[in-house]
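Okay, so here's the structure we're looking at.
The values are calculated or read from the model by the stated rules, or taken from the named source; none is laboratory data. Fair warning: this is a prediction, and the values are worked out from it, not measured in the lab. Don't worry about glycine lacking a Cβ; one is built from the backbone with ideal geometry, like all the others, and counts go over all protein chains shown. Only protein heavy atoms, including side chains, enter the accessible area calculation; ligands, DNA and RNA are left aside. Shrake-Rupley method; radii C 1.70, N 1.55, O 1.52, S 1.80 Å.
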Amino acid sequence: MKEPLLYLCHRIPYPPNKGDKITTFHVLKFLARHYDVYLGCFIDDPNDRQYTDKVRTFCKEAFFVDLNPSFAKLKGLTALGKGEPITLPYYRSASLSRWVKQTLASTSITKAFVYSGCMAQYVLPHQTPQLHTVMQFADIDSDKWRQYANASTGIMRKVYQREHRTLADYEKLVADQFDISCFISDTESSHFREMVSTNIHNKIRTLENGIDSDYFSPLAPSSLAEDYPLESDNYIVFTGAMDYRPNIETVIWFIKRVWPQVIQQCPDSKFYIVGSSPPKQVIELNTHPGVVVTGRVDDVRPYLAHAKAAVAPMLMARGIQNKILEALAMERPVMTSSLGVEGLENYPTECLYVTDAEEEMVRWIVSKLRENVVRAKDGRDWLKANFSWEAKLTPLLGYLGAEIE
């Protein structure tokens, strides 16, 4: 028998088809090799209910709670009268609270790993010197709300400012109470140290994302389940969950400011926006010349494999962008913004182009669309050397208090 461990995350860690689920799935696989994992999580997409048995294969026990986003938003509003961040009641569940309490009481669990600050509320009431707790904030979530506020006006600006302020206070509380708090890059860790008192600086660590370079490989078998003529299209691609505001803001801005200049010079080219759950304002982008909004796809790899380039000119971003890692693993050249490149040090500049200037974006994209498909092998080699999941997650064992051989 392995040592038991409590693992909480805000979304079922499967399938690994979007940023946080990619991370939480690989963390689950990694932890399952070393611990008997007791997993508690939410299911916020009914389509994901089919994967519960798959997730259970990695767990000693798993507890799933259905979350209706519309109802959760209403619950979130109860925070306005309590001085707490909306994020907390959004992810508050009496059944999950009972399961955590019963699991801790009925097992010999002395270690807990929590992904996402909103899930700390299930562990804080049970904090004892005997329970070693590690939080993976990933990004400074409160700063995302600051960015939202800066990009908004009117009442929503005030709502976002409030969420930024209250969530930042909560993040500081969690970091003070937990034994270790992790962030996805040294940059995020450094920013958070600036937010908190010096007495907890030594509890702040970096736990980076990796990439499955065997799966994301131009040599790996993959199939296109949708009816798009990728092999004959001359296109660039943006990938990511399209119900995520930073992705929404980015593609809308890109199509308004950059794409018209590209299509003027390369009138037969296309821009594929590939990702699940696009809202109405993203679906409507299909009306622009050359723009293709796919919605959910069975496998993102064919869309990367045949693209002339991937773009990620993020207007809002925290931490490492999985979309960039995946494109590099598929040997595609990538263009991103200064925000999008956070956490990627010493990258090969011939494969990853960074600019915030619209005219430079246009020039780079047009040059790629006019070339034959060129494999960016140096980008894949750099990624394999620096971003394997095994290497990135091994420090977690030390954070959990295990001896690392």
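Within region 258-271, track down each residue that is part of a helix (DSSP H, G or I) and either under 32 Å from the mean Cα position of the chain (by Cα) or of a type in the set (Phe, Trp, Tyr) (or both). It would help to see each step written out before you state the result.
Quick first cut of region 258-271, residues part of a helix (DSSP H, G or I) only: 259-265.
Scanning region 258-271 gives Trp259, Pro260, Gln261, Val262, Ile263.
Is at least one residue of region 64-74 more than 24 Å from Phe183 (Cα to Cα), in contact with a helix residue (DSSP H, G or I) (Cβ under 6 Å, 6 or more places away or on another chain) and assigned to a helix (DSSP H, G or I)?
Taking region 64-74 and keeping what is more than 24 Å from Phe183 (Cα to Cα), we get 64-74.
Now narrow it down to the ones that are in contact with a helix residue (DSSP H, G or I) (Cβ under 6 Å, 6 or more places away or on another chain): 64-65, 72.
This time we only want the ones that are assigned to a helix (DSSP H, G or I), so: 72.
Within region 64-74, one or more residues are more than 24 Å from Phe183 (Cα to Cα), in contact with a helix residue (DSSP H, G or I) (Cβ under 6 Å, 6 or more places away or on another chain) and assigned to a helix (DSSP H, G or I).
From Ile255, Ile236, which residue is aliphatic (A, V, I, L, M), closer than 19 Å to Met314 by Cα and within 22 Å of the chain's Cα centre (by Cα)? Talk me through it step by step, then tell me what you get.
Details: Ile255 fails: within 22 Å of the chain's Cα centre (by Cα).
Criteria check complete, one pass: Ile236.
Could you say which residue among Pro69, Pro16 is open to solvent by 20 Å² or more (accessible area, probe 1.4 Å) and within 22 Å of Trp99 (Cβ to Cβ)? Lay out the reasoning, then the answer.
Working: Pro16 fails: within 22 Å of Trp99 (Cβ to Cβ).
Going through Pro69, Pro16 in turn, the sole match is Pro69.
Restricting attention to region 77-134, report how many residues are over 20 Å from Leu167 (Cα atoms) and aliphatic (A, V, I, L, M).
Here the count works out to 8.
Please work out which one of (1) open to solvent by 30 Å² or more (accessible area, probe 1.4 Å); (2) touching a Leu at 6+ places or on another chain (Cβ under 8 Å); (3) farther than 23 Å from Leu344 by Cβ is the condition Ser269 fails and give its number.
All conditions are met except number (1).
When region 231-241 is examined, which residues are found to be at pLDDT 95 or above and of a type in the set (A, V, I, L, M)?
Ile236, Val237
Here's a check for you: in region 190-223, which residue that is part of a helix (DSSP H, G or I) and among the aliphatic types (A, V, I, L, M) is least open to solvent (accessible area, probe 1.4 Å)? Before you say what the answer is, go through the steps one by one.
Of the residues in region 190-223, the ones part of a helix (DSSP H, G or I) are 190-195, 198-203.
Then keep just the ones that are among the aliphatic types (A, V, I, L, M); that gives 195, 200.
Details: Met195: 59, Ile200: 8 Å².
Step by step, filter region 190-223, then rank; the result is Ile200.
Out of region 334-354, which residues are closer than 15 Å to Lys377 by Cβ and either open to solvent by 10 Å² or more (accessible area, probe 1.4 Å) or aliphatic (A, V, I, L, M) (or both)?
Going residue by residue through region 334-354, those that are closer than 15 Å to Lys377 by Cβ are 334, 347-352.
Scanning region 334-354 gives Val334, Tyr347, Pro348, Thr349, Glu350, Leu352.
Restricting to region 85-100, and then to whatever is small (Gly, Ala, Ser) and in a helix (DSSP H, G or I), can you tell me which residue is most open to solvent (accessible area, probe 1.4 Å)?
Taking region 85-100 first, the residues small (Gly, Ala, Ser) are 93-95, 97.
Those still in the list that are in a helix (DSSP H, G or I) too: 94-95, 97.
On the way: Ala94: 65, Ser95: 41, Ser97: 50 Å².
Here the answer is Ala94.
Given the structure, is Asp186 open to solvent by 50 Å² or more (accessible area, probe 1.4 Å), among the acidic types (Asp, Glu) and either within 11 Å of Phe137 (Cβ to Cβ) or touching a residue at least 60 places away in the same chain (Cβ under 8 Å) (or both)? Spell out the reasoning first.
Details: open to solvent by 50 Å² or more (accessible area, probe 1.4 Å): yes; among the acidic types (Asp, Glu): yes; either within 11 Å of Phe137 (Cβ to Cβ) or touching a residue at least 60 places away in the same chain (Cβ under 8 Å) (or both): yes.
When the stated conditions are applied, Asp186 passes them.
Of Pro278, Pro289, which residue is in a loop (DSSP other than H, G, I, E, B) and over 23 Å from Ala317 (Cβ atoms)? Spell out the reasoning first.
Working: Pro278 fails: over 23 Å from Ala317 (Cβ atoms).
Pro289 is the lone residue from the list that is in a loop (DSSP other than H, G, I, E, B) and over 23 Å from Ala317 (Cβ atoms).
In region 111-152, how many are at pLDDT 95 or above and among the basic types (Lys, Arg)?
Selection size over region 111-152: 1.
Inside region 350-405, counting only helices (runs of 4 or more DSSP H) that do not spill past its ends, which hold 2 or more residues that are within 20 Å of the chain's Cα centre (by Cα)? First the steps, then the outcome.
Numbers: elements: 358-369, 377-386, 389-399.
Qualifying helices (runs of 4 or more DSSP H): 377-386, 389-399.
Among the residues of region 124-146, which ones are closer than 20 Å to Gly398 by Cα and open to solvent by less than 30 Å² (accessible area, probe 1.4 Å)?
Leu131, Thr133, Val134, Met135, Gln136, Phe137, Ala138
If we keep just the residues of region 295-308 that are more than 15 Å from Leu325 (Cβ to Cβ) and touching a Lys or Arg at 6+ places or on another chain (Cβ under 7 Å), which is surrounded by the fewest Cβ atoms within 10 Å (Cβ to Cβ)?
Lys308
Against the condition touching a helix residue (DSSP H, G or I) at 6+ places or on another chain (Cβ under 9 Å), among the hydrophobic types (A, V, I, L, M, F, W, C), over 14 Å from Arg375 (Cα atoms) and not in a loop (DSSP other than H, G, I, E, B), how does Val341 come out, does it pass? Outline the logic, then answer.
Values: touching a helix residue (DSSP H, G or I) at 6+ places or on another chain (Cβ under 9 Å): yes; among the hydrophobic types (A, V, I, L, M, F, W, C): yes; over 14 Å from Arg375 (Cα atoms): yes; not in a loop (DSSP other than H, G, I, E, B): no.
The answer is no for Val341.
If you take the residues of region 75-84 that are open to solvent by 80 Å² or more (accessible area, probe 1.4 Å) and either assigned to a helix (DSSP H, G or I) or in contact with a Lys or Arg (Cβ under 9 Å, 6 or more places away or on another chain) (or both), which of them is farthest from Tyr38 (Cα to Cα)?
Leu80
Among the residues in region 179-189, are any modelled with pLDDT of 95 or more, under 23 Å from Thr24 (Cα atoms), in contact with a helix residue (DSSP H, G or I) (Cβ under 7 Å, 6 or more places away or on another chain) and assigned to a helix (DSSP H, G or I)?
The answer is no, given that none of the residues of region 179-189 is modelled with pLDDT of 95 or more, under 23 Å from Thr24 (Cα atoms), in contact with a helix residue (DSSP H, G or I) (Cβ under 7 Å, 6 or more places away or on another chain) and assigned to a helix (DSSP H, G or I).
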